[in-house]
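Below is one structure; the comments refer to it alone.
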Amino acid sequence: MARVVILGAGVMGSAMAMPLNSVGREVELVGTHLDGTIINSILGNGHHPKLNIKLPASVKAYHWTDLESLSISDAEVIILGVSSAGVDWAIERLVENLTRPIPIVMITKGLRVQDNEIKVFPDIVSEALKKRLGFSVPVLGIGGPCIAGELAALRDTMTVITGSDTQFTEKIIALLSASYYHARPSLDIIGVEVCAAFKNFFAIGVGWAQGNFEISEAAENSAKMHNLAAGLFTQSLNELKILVAAIGGQSETVSGLAGVGDLYVTCLAGRNSRMGRLLGLGLTYEKAKSDYMENDTIEGAELAKAIGPQIESMWLDGRLRREELPLSDAIIRAICYDEILQIPWKKFMN
């Protein structure tokens, strides 16, 4: 029986235990230093308080302090499900416990600026582990439309697993291939990861339509503003293709599950869309955050703050053209400079 260790007991890390369990894998779910309450609940009665489900009894839960005794180097694969802010913490734990190359599959999403470049997390983790451990560790990523609650409820889900080696990626897909978990391979690690990060960023822009609708004069025929949202969605995809190509990925990836699919499901609901709605009501980001979403992590806003200055630098040195990214420009100004989000319609689709 293949043994899989999941590091990170948040909603997505824990949801990944379900397809693995369904196909008979031995699953060990290890919480981070922030997951103590979750792990205690699972150890008590099996209930995951954030997913609101009872995990199968065969899924074994552990606190991160048990890592040394688990001998994770004997696992077939490690799934990394920490938050983007927890990547460095996870690297430290892996350095402390890995004695040989174990494939790592990242469900953690985000980008980071290093050496004046925007880099994806699989590359960051791979480079850090090779430098610290002295041997190469294969690091793959997962993208596409996957709401944790739906996966935990065993709903059919389609994803993309991306790695540098097709045969190896297919092996990981086979490891996860439950009847309701439909994964397909991609060699475009950068494209998939950039899509996964920027979908939250652009969901803020698409969510703006709902807020704008709420403050607009009601139509006599009760018409909504779906046309507006669709225009913002389309512009988001146009700009996402440009960003993916500039960072080193394949723009064609945007047309698949990692791009269109993931952006679609993210725009339907969630924290980023809710923030977009508040901005559409005319609030500034800081006002919306402090008054309505103080305790929420807005991934798209965190991304804007992390790489917004780098995007602006790429405009200045010619790696990107500002006039081709008017929605990105508007969102960066709203998040990084606390300006009212204004949609520059006349600059779209040039």
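The values are calculated or read from the model by the stated rules, or taken from the named source; none is laboratory data. Just so it is clear, the model here is predicted, and its values are computed rather than measured. Backbone-built Cβ (ideal geometry, glycine too); neighbour counts: all protein chains shown. Note: areas computed on protein heavy atoms with side chains; ligands, DNA, RNA excluded. Shrake-Rupley method; radii C 1.70, N 1.55, O 1.52, S 1.80 Å.
Structural remarks
Each row is one residue, and each column tells you yes or no for (1) under 13 Å from the mean Cα position of the chain (by Cα); (2) closer than 28 Å to residue 92 by Cβ; (3) crowded, with 24+ Cβ neighbours inside 10 Å.
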residue: 137; (1), (2), (3): no, yes, no
residue: 143; (1), (2), (3): yes, yes, yes
residue: 154; (1), (2), (3): no, no, no
residue: 157; (1), (2), (3): no, no, no
residue: 179; (1), (2), (3): no, no, no
residue: 184; (1), (2), (3): no, no, no
residue: 197; (1), (2), (3): yes, yes, yes
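- Residue 161 being in contact (Cβ under 8 Å) with a residue 40 or more places away in the chain, in contact with a helix residue (DSSP H, G or I) (Cβ under 9 Å, 6 or more places away or on another chain), surrounded by fewer than 19 Cβ atoms within 10 Å (Cβ to Cβ) and among the β-branched types (Val, Ile, Thr): no
- The condition of being under 22 Å from residue 180 (Cα atoms) and out of contact with any helix residue (DSSP H, G or I) (no Cβ under 9 Å at 6 or more places or on another chain) holds for only one of 24, 44, that being 24.
- Residues that are without any contact (Cβ under 8 Å) to a residue 12 or more places away in the chain, part of a helix (DSSP H, G or I) and open to solvent by 20 Å² or more (accessible area, probe 1.4 Å) are absent from region 46-64.
- Checked against (1) open to solvent by 10 Å² or more (accessible area, probe 1.4 Å); (2) within 17 Å of residue 208 (Cβ to Cβ), residue 252 passes all but a single condition, namely (2).
- In region 95-135, residue surrounded by the fewest Cβ atoms within 10 Å (Cβ to Cβ) [restricted to those that are within 20 Å of residue 17 (Cα to Cα) and free of Cβ contacts under 8 Å to residues at least 40 places away in the same chain]: 102
- Test: residue in region 209-221 that is more than 21 Å from residue 141 (Cα to Cα), of a type in the set (Val, Ile, Thr) and surrounded by 24 or more Cβ atoms within 10 Å (Cβ to Cβ): no
- Residues of region 336-344 include none that is under 19 Å from the mean Cα position of the chain (by Cα) and open to solvent by 20 Å² or more (accessible area, probe 1.4 Å).
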